[in-house]
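What follows is a single structure, written as C-alpha coordinates, with notes after it.
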Amino acid sequence: MEINWNRVQAEVADLLRNLIRINSSNPPGNEIEVALYLQEFLHREGIDATIYESSPGRSNLIARLPGTGKL
(Lines give C-alpha, C1' and ligand atoms only; values in the text may rest on other atoms or scores of the structure.)
Protein backbone atom coordinates (compact mmCIF):
# COMPACT_ATOMS: atom_id res chain seq x y z
CA MET A 1 0.00 0.00 0.00
CA GLU A 2 1.44 3.34 -1.04
CA ILE A 3 0.76 6.44 1.05
CA ASN A 4 -0.44 9.57 -0.71
CA TRP A 5 1.60 12.10 1.28
CA ASN A 6 -0.03 15.09 -0.42
CA ARG A 7 -3.41 13.91 0.80
CA VAL A 8 -2.05 13.27 4.30
CA GLN A 9 -0.50 16.74 4.40
CA ALA A 10 -3.78 18.36 3.31
CA GLU A 11 -5.77 16.39 5.91
CA VAL A 12 -3.37 17.33 8.73
CA ALA A 13 -3.38 21.00 7.69
CA ASP A 14 -7.20 20.99 7.66
CA LEU A 15 -7.34 19.30 11.08
CA LEU A 16 -4.92 21.83 12.60
CA ARG A 17 -6.71 24.78 10.97
CA ASN A 18 -10.00 23.64 12.53
CA LEU A 19 -8.39 23.07 15.94
CA ILE A 20 -6.90 26.57 15.96
CA ARG A 21 -10.36 28.02 15.35
CA ILE A 22 -11.75 26.44 18.53
CA ASN A 23 -11.48 28.78 21.53
CA SER A 24 -9.86 26.77 24.30
CA SER A 25 -8.29 29.75 26.07
CA ASN A 26 -7.09 29.24 29.60
CA PRO A 27 -8.50 30.72 31.75
CA PRO A 28 -11.21 29.57 31.92
CA GLY A 29 -9.90 26.34 30.38
CA ASN A 30 -12.66 25.30 28.01
CA GLU A 31 -11.09 22.20 26.44
CA ILE A 32 -14.35 20.32 25.90
CA GLU A 33 -14.92 21.69 22.37
CA VAL A 34 -11.44 20.56 21.30
CA ALA A 35 -12.00 17.14 22.86
CA LEU A 36 -15.36 16.76 21.11
CA TYR A 37 -13.88 17.76 17.74
CA LEU A 38 -11.01 15.29 18.08
CA GLN A 39 -13.32 12.54 19.34
CA GLU A 40 -15.51 12.93 16.25
CA PHE A 41 -12.44 12.85 13.99
CA LEU A 42 -11.09 9.72 15.68
CA HIS A 43 -14.47 7.96 15.53
CA ARG A 44 -14.62 8.62 11.76
CA GLU A 45 -11.23 6.89 11.53
CA GLY A 46 -12.53 3.90 13.51
CA ILE A 47 -10.62 4.76 16.70
CA ASP A 48 -12.46 4.54 20.00
CA ALA A 49 -12.04 7.72 22.06
CA THR A 50 -13.55 8.66 25.41
CA ILE A 51 -13.82 12.08 27.03
CA TYR A 52 -13.42 12.49 30.79
CA GLU A 53 -14.34 15.78 32.48
CA SER A 54 -12.63 16.67 35.75
CA SER A 55 -15.03 19.63 36.01
CA PRO A 56 -17.44 21.28 33.55
CA GLY A 57 -15.53 22.27 30.41
CA ARG A 58 -12.24 20.80 31.66
CA SER A 59 -11.74 17.58 29.76
CA ASN A 60 -9.25 14.95 28.70
CA LEU A 61 -9.55 12.74 25.65
CA ILE A 62 -8.28 9.17 25.81
CA ALA A 63 -7.90 7.15 22.60
CA ARG A 64 -6.53 3.64 22.36
CA LEU A 65 -5.14 1.74 19.42
CA PRO A 66 -4.89 -2.00 19.94
CA GLY A 67 -1.45 -3.43 19.35
CA THR A 68 -0.46 -6.76 17.89
CA GLY A 69 2.56 -7.30 20.12
CA LYS A 70 4.77 -7.47 17.02
CA LEU A 71 7.38 -4.94 15.96
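Odds and ends about this structure:
- Whether the chain is rounded, prolate or oblate, judged on the alpha carbon gyration tensor where a/c under 1.5 counts as rounded: oblate
- Short-range pairs are left out: with C-alpha atoms under 8 Å and at least six residues apart, the relative contact order of the stretch 17-71 is 29 percent.
- Nearest-ten-degree value, helix 32-44 long axis tilted from longest Cα axis of the chain: 20 degrees
- Once the 1.4 Å probe is applied to the protein heavy atoms, the chain comes out at 85 Å² accessible per residue.
- Across the accessible surface of the chain, with the other protein chains kept in place and a 1.4 Å probe, carbon and sulfur atoms take up 54 percent.
- Farthest positive-ward along the chain dipole, Cα basis, beta-carbon charges - from Asn30, Ile51, Asn6: Asn6
- Axis of helix 5-21 versus longest Cα principal axis of the chain: the two differ by about 0°, to the nearest ten degrees.
- For the chain, the list of trypsin sites (Lys or Arg not before Pro) that fall in a loop by DSSP and count at most 15 other C-beta atoms within 10 angstrom reads Arg64, Lys70.
- Net charge over other residues, Cβ less than 11 angstrom from the Cβ of Ala35 (K, R count +1; D, E count -1): -3
- MRE, 222 nm, helices only [DSSP H, n ≥ 4, -39500 (n - 2.57), over the chain, to nearest 500]: -14000 deg cm²/dmol
The values are calculated or read from the model by the stated rules, or taken from the named source; none is laboratory data. What you see is a predicted model; the values in this text were computed from it and never measured. Methodologically, a virtual Cβ is constructed for each residue, glycine included, from the backbone with ideal geometry; neighbour enumeration extends over all protein chains shown. Surface areas here come from the heavy atoms of the whole protein model, side chains and all, with no ligands, DNA or RNA. Shrake-Rupley method; radii C 1.70, N 1.55, O 1.52, S 1.80 Å.
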